[in-house]
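Okay, structure first, notes after.
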Amino acid sequence: MGARILAIALNTYREAVRARVLHALLALALATTAYSLVVATLSLRGETRVVADLGAASISLYAVLVAIVMGATSLHREIEFKTIFPILTRPLRRHEYLLGKYLGMVATLTCFVALDGGFVLGVLGVEAGQGFGSLVALPLGTFAVLAVALVRARYTRVYVLLPWSFAFFAVMYWVAGPAGPERQLVVASAALTVCEVSIVVAVATLFASFSSPALTAVFTLGVFLVGRSADTLANLPVTQFGQTVRSIGAGMAHVFPNLQVYVPPRPLLLGEVSGISLPGFVASAAAHAVFYAGALLVCAALAFQRRDFQ
């Protein structure tokens, strides 16, 4: 079973990284990070803070957009081009196919976050005053390794980008060393973004298992917005909205995943909140993501099992 799921996941990843919309969103994310240098010049003494905050926000925003787009179109594309039919005629169960699609999308998003996060860390190193040699030599070295790997891996070059993105992120983490706690903020935000988009992709997979791409995108966006407003919905003032609306809001906050967990306050990301360990908080958020993603995938598998493709 594992080999079949892995094959579907790798194929999904290969198709996703070749999509033009993914390239466009990545370029837009990198452009937003570069523009943060311009915004930072308007600050008197908080240049690194501006770059870190805008960079972390752009990582989250564009990763969620990619998650919604991929989740809404990946499965539908297989159905539209009839490629799903020969796949399902093989000894492959539908839930295995769905899980493979999900894992492939999560791998693509993780690669996206690593590339965008690495670029944010590089820009942060520039703003923090990292030495010219490190700013030039290390990034050029990593890109040289990528070029060699792409040439040598003629038939598997599409998969080279995934491990290389993690190496690029690690190198840029070292480059951003002079930024101090701002570097920690970007890394923690990137980790939490991966957790958040894993839930968003699971939501999109659930809706895609029985709905059209347009409705899937709308429903997924709606769940995302409710999830980001969960704390607000749980504490609506009775004097303004009434007890009925407050009860409905509290019920939605308990049913929908609380995505505000993945955008915590700045002091928490910097480790300045007493009594809360940042690694422990990230681990708890990851467990929260695994629980919701698992529950959503079970529902998606049940719906997909009953779907008629005739």
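Give ARG18, ARG45, ARG14, ARG4 a once-over and let me know the one that is more than 16 Å from the chain's Cα centre (by Cα), in contact (Cβ under 8 Å) with a residue 24 or more places away in the chain and exposed (fewer than 14 other Cβ atoms within 10 Å of the Cβ).
Numbers: ARG45 fails: in contact (Cβ under 8 Å) with a residue 24 or more places away in the chain; ARG14 fails: exposed (fewer than 14 other Cβ atoms within 10 Å of the Cβ); ARG4 fails: exposed (fewer than 14 other Cβ atoms within 10 Å of the Cβ).
Only one candidate qualifies: ARG18.
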Result of the Cβ filter at 6 Å on the stretch 180-194, keeping first residues that are within 14 Å of GLY125 (Cβ to Cβ) and partners that are polar (S, T, N, Q), at least 6 apart or interchain, is GLU182/THR48
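Could you tell me which of the residues VAL123, VAL113, VAL69, VAL136 is surrounded by fewer than 22 Cβ atoms within 10 Å (Cβ to Cβ), touching a helix residue (DSSP H, G or I) at 6+ places or on another chain (Cβ under 8 Å), of a type outside the set (Asp, Glu) and outside any loop (DSSP other than H, G, I, E, B)? Don't jump to the end; show me each part of the working.
Details: VAL123 fails: surrounded by fewer than 22 Cβ atoms within 10 Å (Cβ to Cβ); VAL113 fails: surrounded by fewer than 22 Cβ atoms within 10 Å (Cβ to Cβ); VAL136 fails: touching a helix residue (DSSP H, G or I) at 6+ places or on another chain (Cβ under 8 Å).
Going through VAL123, VAL113, VAL69, VAL136 in turn, the sole match is VAL69.
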Scanning the stretch 218-231 residue by residue, the ones that are exposed (fewer than 15 other Cβ atoms within 10 Å of the Cβ) and either among the acidic types (Asp, Glu) or in contact with a helix residue (DSSP H, G or I) (Cβ under 8 Å, 6 or more places away or on another chain) (or both) total 1
* To do: State whether one or more residues within the stretch 170-193 are more than 27 Å from LEU268 (Cα to Cα) and either touching a Phe, Trp or Tyr at 6+ places or on another chain (Cβ under 9 Å) or surrounded by 13 or more Cβ atoms within 10 Å (Cβ to Cβ) (or both).
  => no
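Where residues in the stretch 252-310 are among the aromatic types (Phe, Trp, Tyr) and in a loop (DSSP other than H, G, I, E, B), which of them is farthest from ALA179 (Cα to Cα)? Break it down into steps so the answer makes sense when it comes.
Keep residues of the stretch 252-310 that are among the aromatic types (Phe, Trp, Tyr), which gives 256, 262, 281, 291-292, 304, 309.
Now restrict to residues that are in a loop (DSSP other than H, G, I, E, B): 256, 309.
Numbers: PHE256: 36, PHE309: 54 Å.
Checking each candidate, the answer is PHE309.
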In the stretch 213-236, anything within 19 Å of LEU65 (Cβ to Cβ) and not in a helix (DSSP H, G or I) is listed as SER229
Scanning the stretch 139-169 for residues that are part of a helix (DSSP H, G or I) and of a type in the set (D, E, K, R), the one surrounded by the fewest Cβ atoms within 10 Å (Cβ to Cβ) turns out to be ARG152
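How many of the residues in the stretch 242-269 are within 30 Å of VAL187 (Cβ to Cβ) and out of contact with any helix residue (DSSP H, G or I) (no Cβ under 8 Å at 6 or more places or on another chain)?
Within the stretch 242-269, the subset within 30 Å of VAL187 (Cβ to Cβ) is 253, 256-269.
If we keep only those that are out of contact with any helix residue (DSSP H, G or I) (no Cβ under 8 Å at 6 or more places or on another chain) as well, we get 265, 267.
Qualifying residue count, the stretch 242-269: 2.
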Within the stretch 184-212, restricting to residues that are of a type in the set (Gly, Ala, Ser) and in a helix (DSSP H, G or I), the one that is farthest from the chain's Cα centre (by Cα) is ALA208
(1) in contact (Cβ under 8 Å) with a residue 60 or more places away in the chain; (2) touching a Leu at 6+ places or on another chain (Cβ under 8 Å); (3) exposed (fewer than 15 other Cβ atoms within 10 Å of the Cβ) all hold for ILE276 apart from (1)
Pairs returned, first residue in the stretch 290-310 that is closer than 14 Å to PHE256 by Cα and touching a residue at least 40 places away in the same chain (Cβ under 8 Å), second residue that is in a loop (DSSP other than H, G, I, E, B) and of a type in the set (S, T, N, Q), beta-carbon separation under 7 angstrom, 6 or more apart or interchain, are none
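If you take the residues in the stretch 72-88 that are assigned to a helix (DSSP H, G or I) and charged (D, E, K, R), which one is surrounded by the most Cβ atoms within 10 Å (Cβ to Cβ)?
So in the stretch 72-88, the residues assigned to a helix (DSSP H, G or I) come out as 72-80, 84-88.
This time we only want the ones that are charged (D, E, K, R), so: 77-78, 80.
Details: ARG77: 15, GLU78: 19, GLU80: 11.
Only one residue tops the list, namely GLU78.
Criterion first (in contact (Cβ under 8 Å) with a residue 12 or more places away in the chain and either among the β-branched types (Val, Ile, Thr) or more than 22 Å from VAL194 (Cβ to Cβ) (or both)) does ALA286 satisfy it?
On the way: in contact (Cβ under 8 Å) with a residue 12 or more places away in the chain: yes; either among the β-branched types (Val, Ile, Thr) or more than 22 Å from VAL194 (Cβ to Cβ) (or both): no.
No.
No lab work stands behind these numbers, since they all come straight from the coordinates. Computed from a predicted structure; not experimentally measured. Heads up, the Cβs are rebuilt from the backbone with ideal geometry, glycines too, and the neighbour counts pull from every protein chain shown.
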